[in-house]
Amino acid sequence: MFETLTQRLEQIFTNLRRRGKLTEQDVDAVMREVRLALLEADVHYSVVKDFVSRVRERAVGAEVSRALNPAQQVIKIVHEELIKTLGEPQWLNLTGPKPRALMLVGLQGSGKTTAAAKLARLLRSQGERVLLVAADPYRPAAVKQLQTLGEKVGVPVYYEEKVAPPLLCAKAYEHAQKGGYSVIIMDTAGRSQLDDALMAELKAITDKVSPADILLVVDSMIGQEALHVAQGFRQAVNLTGLIMTKMDGDSRGGAAISIRSVTGVPIKFLGTGEGIDALEVYDPSRLASRILG
Ligand code: GDP
């Protein structure tokens, strides 16, 4: 595992026991470590550059508080700036005419189907009447997987064979309306890479159903590539939230900052395991601490 930023900065500051203000040289040495830590956490280099210059500006000449040593002081500034960049939590857009349609999009293997079931479970526990929609007819295994997960969380799954996803979603919505459901969660098809046919299909679904939320599911293990993926999906559909999955792995999830800061799409949930309850509601301070290690 990586050495934490705090440990690194404490080493740098071991010999800098002066009080008063941080000098520009102190800050230079420290900023190198901050930059490295963010790159190791998979924050995109273009985002790191801007971020570091903001932190530098605040850190140069910052009064060193009596309560904190210089390393802690810089960490505090980095942490505060990270929280600012990560953005305020925003809940799902669940108010308005029912049923609300949530749409999950993402590359194959990103954790979409799992996230759909996790979300269904969470919303059900909050008293919503949830219907899952298997809108990935190209992979029978994906439909089966959602059905199995749906059973596990006690949420029905809508599916019809040989019906194209836009029509399938429209029918599912109608079914939900008639059945008194309050939320439908559409698990859409993924591809191994960004492709035009997939984007056209996603767009066609949104034309039919007008989702209240379109959540992009991104595997945090893909690192710097995550920003490119988010930009690709954003060109096709109006993303309203991000779910970063596999945050229980080695990745620190810095890609979430890149996506948030470049695209403005708010982070909404983190997937933290294969289990059906391993879904965390996004909390900026907790995520900032994790990214810093
Ligand atoms: P999809 O192709 O996007 O629908 O992806 P799946 O939901 O099928 O997930 C792909 C694999 O990733 C499965 O083996 C899941 O169990 C696993 N997975 C999904 N989310 C997480 C997570 O947050 N943590 C871990 N460790 N594994 C996950």
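The values are calculated or read from the model by the stated rules, or taken from the named source; none is laboratory data. Just so you know, these numbers come straight off a predicted model, no measurement behind them. Methodologically, a virtual Cβ is constructed for each residue, glycine included, from the backbone with ideal geometry; neighbour enumeration extends over all protein chains shown. Ligands, DNA and RNA are stripped out before the accessible areas are found, and what is left, the full protein with its side chains, is counted by its heavy atoms. Shrake-Rupley method; radii C 1.70, N 1.55, O 1.52, S 1.80 Å.
A quick yes/no check of all residues on (1) open to solvent by less than 10 Å² (accessible area, probe 1.4 Å); (2) of a type outside the set (S, T, N, Q):
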position: 116; (1), (2): yes, yes
position: 119; (1), (2): yes, yes
position: 125; (1), (2): no, no
position: 129; (1), (2): no, yes
position: 146; (1), (2): yes, yes
position: 161; (1), (2): no, yes
position: 175; (1), (2): no, yes
position: 184; (1), (2): yes, yes
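What number of residues within region 95-117 satisfy the criterion of being away from the ligand (no atom under 12 Å from the Cβ) and either touching a Pro at 6+ places or on another chain (Cβ under 7 Å) or basic (Lys, Arg) (or both)? Break it down into steps so the answer makes sense when it comes.
Of all residues in region 95-117, those away from the ligand (no atom under 12 Å from the Cβ) come to 95-103.
So of that shortlist, the ones also either touching a Pro at 6+ places or on another chain (Cβ under 7 Å) or basic (Lys, Arg) (or both) come out as 98, 100-103.
So the count comes out to 5.
Identify, please: which residue in region 148-159 is open to solvent by 30 Å² or more (accessible area, probe 1.4 Å) and in contact with a Lys or Arg (Cβ under 9 Å, 6 or more places away or on another chain) and is, among those, farthest from residue 101 (Cα to Cα)? Quick ask: steps written out before the conclusion?
Taking region 148-159 as the starting set, the residues that turn out to be open to solvent by 30 Å² or more (accessible area, probe 1.4 Å) are 148, 151-152, 154, 156-159.
Now drop any that are not in contact with a Lys or Arg (Cβ under 9 Å, 6 or more places away or on another chain), which leaves 152, 154, 158.
Numbers: 152: 21, 154: 19, 158: 13 Å.
Among those residues, the one meeting the criterion is 152.
I need the strands (runs of 3 or more DSSP E) fully contained in region 240-293, keeping only those with at least 1 residues that are at pLDDT below 95 and crowded, with 21+ Cβ neighbours inside 10 Å.
Here the list is empty.
Need a quick list: helices (runs of 4 or more DSSP H) entirely within region 1-93 having at least 2 residues that are modelled with pLDDT of 80 or more and closer than 27 Å to residue 218 by Cα. If you could, list the steps in order and put the result at the bottom.
Numbers: elements: 5-14, 24-40, 45-59, 70-86.
Answer list for region 1-93: 24-40, 45-59, 70-86.
Of the residues that make up region 93-103, is at least one under 12 Å from residue 241 (Cα atoms), touching a residue at least 12 places away in the same chain (Cβ under 8 Å) and open to solvent by less than 10 Å² (accessible area, probe 1.4 Å)? Spell out how you get there, then give the answer.
Quick first cut of region 93-103, residues under 12 Å from residue 241 (Cα atoms) only: 93, 102-103.
Within this subset, residues satisfying the condition of being touching a residue at least 12 places away in the same chain (Cβ under 8 Å) are 93, 102-103.
Next, only the ones that are open to solvent by less than 10 Å² (accessible area, probe 1.4 Å) stay: 102-103.
Looking through region 93-103, at least one residue is under 12 Å from residue 241 (Cα atoms), touching a residue at least 12 places away in the same chain (Cβ under 8 Å) and open to solvent by less than 10 Å² (accessible area, probe 1.4 Å).
Regarding residue 194, is this residue open to solvent by less than 30 Å² (accessible area, probe 1.4 Å) and more than 17 Å from the chain's Cα centre (by Cα)? Give the derivation first.
Details: open to solvent by less than 30 Å² (accessible area, probe 1.4 Å): no; more than 17 Å from the chain's Cα centre (by Cα): yes.
Spelling it out, it is not the case that residue 194 is open to solvent by less than 30 Å² (accessible area, probe 1.4 Å) and more than 17 Å from the chain's Cα centre (by Cα).
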